[in-house]
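A short worksheet on the structure shown next.
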Amino acid sequence: MKEHSIRSRNPRGLSVAAALTFFLIASMPGRTLAAVDTGDNPPCAKDGVCNLAVCDTDPDCPKGLPPETGADPATGTTTISLETINCSDTQALDIRAVAWNLADDWANFERAIESATGKNLGNCTQNRFTKNGQVECLAAYDCKITKDGLQKCKLAHAWGLGKKIKLYQTFFDNVSGMRQPDRRACYAGLMAHEFAHTCEHYGEGGPEARADAAVEYWKNRFSPTSTLDPQSGCGFND
């Protein structure tokens, strides 16, 4: 059915210059960049540590850092061309931040997904995140009433062999109150799921497994809430 559904419950790629700027700033004396929550209380206050991976804003982060940065870059030259369509600033930033971080750490992401699913991730999915993927944000719901009288709403949709995926308002509602690392973990899972449909998986089993594995990868890398569950937390219920 190429969609996630739930039971109803009441938006620039990094240039080489920008990446070099990041490294120059990161190496400034007295400036620490953290890929995970340092445990400071609160971690997003002025504490001498730039927690870009877990904070929407942090007064310790130098101005001018590339907006997609979420962890110490693995390559230093990562760029993405993923396009966002009709997305709010927050939605577009979340989408591109997820794509940039997955692209920057692709070898480890690929290894994690393949280990969890037993299936090859493939170049097509990597290209969707880095070169040719499109993500459209829809401020609309796509719901239907099931035979048992329950309302089920799509979180997202994608067509086989296409390059665009659509994210619906139901998903945005699900993640609106989450902390940034939790929210982006859900974005990573849903995008991995839907891009799988555009590449090679037309049934639900493979994409669902990828979604769960992508959330777990994000949790392990960026330390969102340890109990975040793809189904009950992100709403990845069929």
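The values are calculated or read from the model by the stated rules, or taken from the named source; none is laboratory data. In this text the structure is predicted, and so the values were computed from the model without any measurement. Cβ coordinates were reconstructed from backbone atoms using ideal geometry, including for glycine residues, and neighbour counts include every protein chain displayed. Areas reflect the complete protein model, heavy atoms only, side chains present, ligands, DNA and RNA absent. Shrake-Rupley method; radii C 1.70, N 1.55, O 1.52, S 1.80 Å.
Restrict the check to the stretch 180-198 and report whether at least one residue is assigned to a loop (DSSP other than H, G, I, E, B) and of a type outside the set (A, V, I, L, M, F, W, C). For the stretch 180-198, residues assigned to a loop (DSSP other than H, G, I, E, B) and of a type outside the set (A, V, I, L, M, F, W, C): absent.
The C-beta contact set for the stretch 118-147 (first residue under 20 Å from L167 (Cβ atoms), second residue small (G, A, S) and assigned to a loop (DSSP other than H, G, I, E, B), distance under 6 angstrom, 6+ apart or interchain) comprises K131/S81.
Can you work out which of the residues in the stretch 141-159 that are out of contact with any helix residue (DSSP H, G or I) (no Cβ under 6 Å at 6 or more places or on another chain) and outside any strand (DSSP E or B) is nearest to D212 (Cα to Cα)?
Residues of the stretch 141-159 that are out of contact with any helix residue (DSSP H, G or I) (no Cβ under 6 Å at 6 or more places or on another chain), as a first pass: 142-152, 154, 157, 159.
This time we only want the ones that are outside any strand (DSSP E or B), so: 142, 146-150, 159.
On the way: D142: 23, T146: 25, K147: 27, D148: 27, G149: 28, L150: 24, W159: 20 Å.
The qualifying residue nearest to D212 (Cα to Cα) is W159.
Right, K152: basic (K, R), open to solvent by less than 50 Å² (accessible area, probe 1.4 Å), farther than 30 Å from D58 by Cβ and in contact with a strand residue (DSSP E or B) (Cβ under 7 Å, 6 or more places away or on another chain) or not? Give the steps one after another, and end with the answer.
Details: basic (K, R): yes; open to solvent by less than 50 Å² (accessible area, probe 1.4 Å): no; farther than 30 Å from D58 by Cβ: yes; in contact with a strand residue (DSSP E or B) (Cβ under 7 Å, 6 or more places away or on another chain): yes.
Judged against the criteria, K152 is not a match.
Given (1) open to solvent by 50 Å² or more (accessible area, probe 1.4 Å); (2) in contact with a Gly (Cβ under 7 Å, 6 or more places away or on another chain); (3) of a type in the set (V, I, T), where does T227 come up short, assuming only one miss? Among (1) open to solvent by 50 Å² or more (accessible area, probe 1.4 Å); (2) in contact with a Gly (Cβ under 7 Å, 6 or more places away or on another chain); (3) of a type in the set (V, I, T), the lone unmet condition for T227 is (2). Right, I145: open to solvent by 20 Å² or more (accessible area, probe 1.4 Å) and at pLDDT 95 or above or not? For I145, the condition - open to solvent by 20 Å² or more (accessible area, probe 1.4 Å) and at pLDDT 95 or above - is not met.
Only one of the numbered conditions (1) open to solvent by 60 Å² or more (accessible area, probe 1.4 Å); (2) part of a strand (DSSP E or B) is violated by E136, and that is (1).
Pull up the stretch 121-131, narrow it to residues that are open to solvent by less than 50 Å² (accessible area, probe 1.4 Å), of a type outside the set (K, R) and under 16 Å from the mean Cα position of the chain (by Cα), then point me to the one that is nearest to A213 (Cα to Cα). Here the answer is T125.
Within the stretch 160-179, the set of residues being assigned to a helix (DSSP H, G or I) and either in contact with a Cys (Cβ under 6 Å, 6 or more places away or on another chain) or open to solvent by 10 Å² or more (accessible area, probe 1.4 Å) (or both) comprises Q169, T170, F172, D173, N174, V175.
Residues N108, N86: which one is on the phi > 0 side of the Ramachandran plot and open to solvent by 60 Å² or more (accessible area, probe 1.4 Å)?
Going through N108, N86 in turn, just one is on the phi > 0 side of the Ramachandran plot and open to solvent by 60 Å² or more (accessible area, probe 1.4 Å): N86.
Considering the stretch 184-210 alone, what residues qualify as being small (G, A, S) and surrounded by fewer than 24 Cβ atoms within 10 Å (Cβ to Cβ)? Let's see the steps before the verdict.
Restricting attention to the stretch 184-210, the residues satisfying the condition of being small (G, A, S) are 185, 188-189, 192, 196, 203, 205-206, 209.
Residues satisfying the conditions are G203, G205, G206, A209.
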